[in-house]
Amino acid sequence: MKYDPREIEPKWQKKWLEERVYEPDLDGAKKPFFNLMMFPYPSAEGLHVGNMYAFTGSDIYGRKKRMEGYDVFEPIGLDGFGIHSENYAMKVGTHPVDQAKKSEAHFYDQLQKIGNGFAWNERVETYKPEYYHWTQWLFVQMWKHDLAYRKRQSVNWCPKDQTVLSDEQVEDGKCERCGTVVIKKELEQWSFRITKYADQLLNNLEKLDWSEKVKIAQKNWIGRSEGAEIEFKIQDSISNIRVFTTRPDTLFGATYLVVSPEHPIIENLRSKIENWPAVEKYITEAKSKNNEERSAEGREKTGVELKEINAINPANGEKIPVWVADYVLGSYGTGAIMAVPAHDERDFEFAKKFHLPIRIVFPPIDIAEFGNASLDEFYKGSVFPGLGKDSLLVNSKKFDGMDSETAKKEITKFVRGELKTQFRLRDWIISRQRYWGPPIPMIFCDACAKAEKGEHKDMPGWYAVDEKDLPVLLPYVKDFRPTGSGVSPLATDKEFYEVKCPACGATARRETDVSDTFLDSAWYYLRYLDTRNEKSALNDARVKHWLPAALYTGGAEHSVLHLLYVRFVAMALHDWGFVDFEEPFKKFRAHGLIIKDGAKMSKSKGNVVNPDEYIANFGADTLRMYLMFLAPFEQGGDFRDAGVLGIERFLKRVWQYAGNKFSAVPAEAGIHVSSEKEIHSLLHKTIKKVTEDIEDLHYNTAISALMILLNGFEEHGTTKDDFGIFLKLLAPFAPHVTEEIWRETFGHATSIHHESWPVHDPKWLIADTVTIVLQVNGKMRGTLQMDASVTEEDAKAAALADENIKRTIGSAAPKKIIYVDKKLVNIVI
RNA sequence: GCCCGGGUGGCGGAAUGGUUUACGCAGAGGACUUAAAAUCCUUGACCCGAAAGGGUUUGUGGGUCCGAAUCCCACCCCGGGCACCA
């Protein structure tokens, strides 16, 4: 019989569903193992081979855990809300509501075919009211706990997608989705106070077993800096300017201040600024500049002095000028800095351009390199003095001679500054001016606003939709295209937005923006545990039982998007008492990227691989194994058609071997084994290797070990029992063909995927003989087979007696002989 | 610029202080076949050599060590992340 995956794969997929092979008992599971993978956006033409790569890698791990006796829960769903899906619907000219149905059917059909052990009964689709009901509930909780707020602010706006974006969705000044250059807009938006958790998000990282690069990316994104806030008085004014600095020890070197164009002090001092028109012109221009324009200028420093405004350096009472420049960001720290041009490269550049004084307070140790130049000449040069390592303070009065660390504390204390920690992380802007998302469940009443009434004193007029009135259904709006006017298409549907004020009964208005897709995916894993629950977002008992998830797998591109948001939401839920963990995923592993012809797959390059045709031609088992054999799972690899053949041959050989050797022979007869010791030793080595490699996600080497074992079987023969062990080891990789052989050829009644995982017997790993490597001066000159009980003396003697060694050494007397137990003899002459 | 990965045969990769190139792909030779495909067997870094064997080789240069792809220093190249964050 021929190996025909087209026949056996659908057969077992159907049977697994009927027999509920992959449905754990969510309430009674004894050893729960939540094997979670990032669910796909069903936005494009279909499942991508990159998705399949990710899912297969996760599934193999889950299948092994199942065989090790865990109750593995491996759910799947669709992250179907959001701009991805909406843009796709626009492109193909379908309404997102209708497109969602099509995409859903197509995706689930494809996902069915890849042969993962999904718990198909517990699916989640983020665009269904029974799901987004609870996304809205989550928003209401954020509001109730003062983590959601509405504020007018400068935001990132994508002119193509016509919506606001969060900071995390802007990459290199461009929209993360479409690559359009993002511009700044002043808009009133809903945000979540993720910054409240900045410390916790950072500190918890240490305890997490996550891919290191993801942890580093999050750490950089959160961007914690220790420093101090120091107040500078303005001469002849009651105003002052607070600056944030990480180097308060260089305060005596501060020769001017710089404020950002957004800084309120500029407006406050307007009447005193002698050159106001020039200043006004500068700040207007600076505010309108987008990132691209800024980088096009090559970051050449620009700025204008606030003439007639002087600040007083609190350390030495010096009068120093104040400038406005856009190299200081309004959104970070206090929006103002003290400039220490001798020791900060940006300040140095600026000072040189505008001829501002430069004063060294930490002399470079290697000042000798610059000859005997006076400090004056030294800093007139183009070489930035930098910060002399371990150098001691000068020009700092009573602090002269102090080291940096001590001076930070002492000088801060001296000027009554405040030690402070700053974060780069900013709040998560959650509202989107698009159609395809969960409506934000808030109502605004104008009458209440005027009367200063509402649920939150800082946001009069705003009320959350009562929880019993959720979900706020997304209406079917015919023209769902973004309006571009800063409001969502929902704002055109009067029936939707016109409501009665929950407090005073006056005519009020619903919020018409929808929430960011990343909110949908920030809690989906919780919903998997009770997808049909109509009473509550989560099932407490199951949450306790199954979470935090044992393993989460997904792409590293979500390092600072999804993976940060999902942690934040878990921390909030924890603080509100809904879950008992702060971190939702104990272990996270980022898989590599599948590329094609050395380039990322993309439609524009025309190098996207669709898994369907490969599954149709070779079968899912072959494609699964091929993808896993390419390279280590965490590395990714280049997809090349030719390589698929190697795996196809391997599986055919497995099929042939099983059929030829075992189908006709009675079970108890076994078959002839020509070299029992050798083949058993190989078998148990393989069990050990495959077990360890799967644990490390080194699927490529596990597969290679299985190939070596099959080669051994073909050469030496094996027994039916031992071949059964091989099948079990292969089962996570090729679930269909192993099931077919296990049940049809071998006649077992139950699934191989519920068999127990093989355990190696150490007695077979003890070798009778060892190979001793012979070296002369570290160069290999031969090998010797010796009994495993060989002693150092025997090995050395045998080495010296070796013909080749004798010839190499000649008449020279060995100076030294290195012996590594049962491994190597190195003769030094 | 800063922070992470990485650089090994014709190719994907294996080896993290002790036999470089496991496993697979492609190649070459052979068997089977009227023929082809499929399958199987042999071979397989490079140079010298008939062979035994010797020499060279893990991006480049240096170092540590009896011994380095592996550890250390400097540099080059590729991929990814951050980027005027004070």
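Couplings 3J(HN,Hα) for segment A:774-790, derived from phi with the Karplus relation 6.51 cos²θ - 1.76 cosθ + 1.60 (θ = phi - 60°), are 9, 10, 10, 6, x, 9, 5, 10, x, 9, 9, 8, 9, 4, 5, 8, 4 Hz, where x marks Gly and Pro. Once backbone amide H atoms are built at 1.01 Å from N, A:THR302 has A:ASP326, A:TYR327 as its partners under 5 Å, excluding neighbours fewer than 5 places away on the same chain.
Annotated for segment A:700-829: lysine pairs at least 8 residues apart or interchain, Cα distance under 17 Å, count 13. Each label point was placed 7 Å from the Cα along the Cα-to-Cβ direction; for A:ASP4 and A:VAL97 their separation is 4.5 nm.
Starting from the exponent 0.38 and prefactor 2.2 Å, build the expected Rg for segment A:1-109 from its residue count and divide its actual Cα Rg by it. Walk me through the intermediate numbers first.
On the way: Rg = 16.9 Å, N = 109, 2.2 N^0.38 = 13.1 Å.
Its radius of gyration relative to the 2.2 N^0.38 Å reference: 1.30.
Taking a straight line from the alpha carbon of A:LYS413, these lysines sit under 25 Å away, with near neighbours fewer than eight places off in the same chain left out: A:LYS233, A:LYS319, A:LYS389, A:LYS397, A:LYS398.
Ranking of A:GLU349, A:GLU740 by neighbouring Cβ atoms within 10 Å, starting from the fewest: A:GLU349, A:GLU740. Backbone phi angles across segment A:512-525, fed through the Karplus curve with coefficients 6.51, -1.76 and 1.60 (θ = phi - 60°), yield HN-Hα couplings of 9, 6, 10, 8, 4, 3, 5, 6, 4, 8, 7, 9, 4, 4 Hz in residue order; Gly and Pro are listed as x. Computed from label points 7 Å out along Cα-Cβ, the spacing between A:THR750 and A:ASP641 is 4.5 nm. Starting from the Cα of A:LYS600, move 7 Å in the Cα-to-Cβ direction to define the label point; list residues of segment A:24-57 whose amide nitrogen is under 15 Å from there. Hits in segment A:24-57 for A:LYS600 at 15 Å: A:50-51.
How long are the semi-axes of the equivalent ellipsoid of chain A, defined as square roots of 5 times the Cα gyration tensor eigenvalues? Whole Å, largest first.
Values: eigenvalues 683, 374, 98 Å².
Working from the Cα gyration tensor, I get semi-axes of 58, 43, 22 Å.
Note on A:ASP209 and A:ASP109: the model spin-label points, each 7 Å out from Cα along the C-beta direction, lie 4.0 nm apart.
Lys and Arg at +1, Asp and Glu at -1: add these up for the other residues within a Cβ distance under 13 Å of A:ASN313 and post the number. So the surrounding residues net to +2.
Based on DSSP, what percent of beta bridges with both residues in segment A:481-598 are antiparallel, to the nearest 5? Could the numbers behind the result be given before it?
On the way: 3 of 8 bridges.
Counting only bridges with both partners in segment A:481-598, antiparallel ones make up about 40 percent.
For chain A, the Cβ-based charge dipole about the Cα centre amounts to some 720 debye (Lys, Arg positive; Asp, Glu negative; other atoms uncharged). Length available on full extension from A:GLU695 to A:ALA813: 0.36 nm per residue minus the Cα-Cα distance, which gives 37.5 nm. Magnitude of the charge dipole for segment A:102-177, about its Cα centre and with charges confined to Cβ atoms of Lys, Arg (+1) and Asp, Glu (-1), is about 280 debye. Counted by Cβ distance under 14 Å from A:ASP621, the other residues give a net charge of +1, where Lys and Arg count +1 and Asp and Glu count -1.
Close amide H partners of A:TYR256, meaning residues 5 or more places away or on another chain with modelled amide H under 5 Å apart, are A:ALA339. For chain A, what proportion of DSSP beta bridges, expressed in % and rounded to the nearest 5, is antiparallel? Expressed as a percentage, antiparallel bridges in chain A total about 75. The phi torsions of segment A:275-288, fed into the Karplus equation with coefficients 6.51, -1.76 and 1.60 and a -60° offset, translate into couplings of 9, 3, x, 5, 5, 4, 4, 4, 5, 4, 5, 4, 5, 7 Hz, rounded to whole numbers, with Gly and Pro shown as x.
Sequence-distant contacts, meaning Cα pairs under 8 Å at least 6 residues apart, place the relative contact order of chain A at 15 percent.
Report the FRET efficiency, 1/(1 + (r/R0)^6), for A:GLU274 and A:LYS468, where r is their Cβ-Cβ distance and R0 is 56 Å, rounded to 0.05. Let's see the in-between values first.
On the way: r = 62 Å, r/R0 = 1.11.
Approximately 0.35, to the nearest 0.05.
Proximity of backbone amide H atoms, modeled 1.01 Å from N, is registered between A:GLY77 and A:VAL124 at under 5 Å, excluding neighbours fewer than 5 places apart on the same chain. Using the rule -39500 (n - 2.57) for each DSSP H run of four or more residues, divided by the residues of chain A, the 222 nm mean residue ellipticity is -10500 deg cm²/dmol.
Stretching the chain fully between A:GLU495 and A:ILE238 yields a gain of 87.2 nm (0.36 nm per residue, less the alpha carbon separation).
With contacts taken as Cα pairs under 8 Å and at least 6 residues apart, segment A:157-313 reaches a relative contact order of 22 percent.
What's the exposure ranking of A:MET37, A:MET459, going from fewest to most Cβ atoms within 10 Å? Before the final figure, lay out each step's value.
Working: A:MET37 24, A:MET459 17.
By the 10 Å Cβ count, ascending, the order reads A:MET459, A:MET37.
Residues A:THR163, A:THR412, A:THR94 in ascending order of nearby Cβ atoms (within 10 Å, fewest first): A:THR94, A:THR412, A:THR163.
Since every read-out is calculated from the coordinates, none of them should be taken as a lab result. Note that the structure is predicted; figures quoted are calculated from it, not measured. Positions of Cβ are generated from backbone atoms using ideal geometry, with glycine treated the same way; all protein chains shown enter the neighbour counts.
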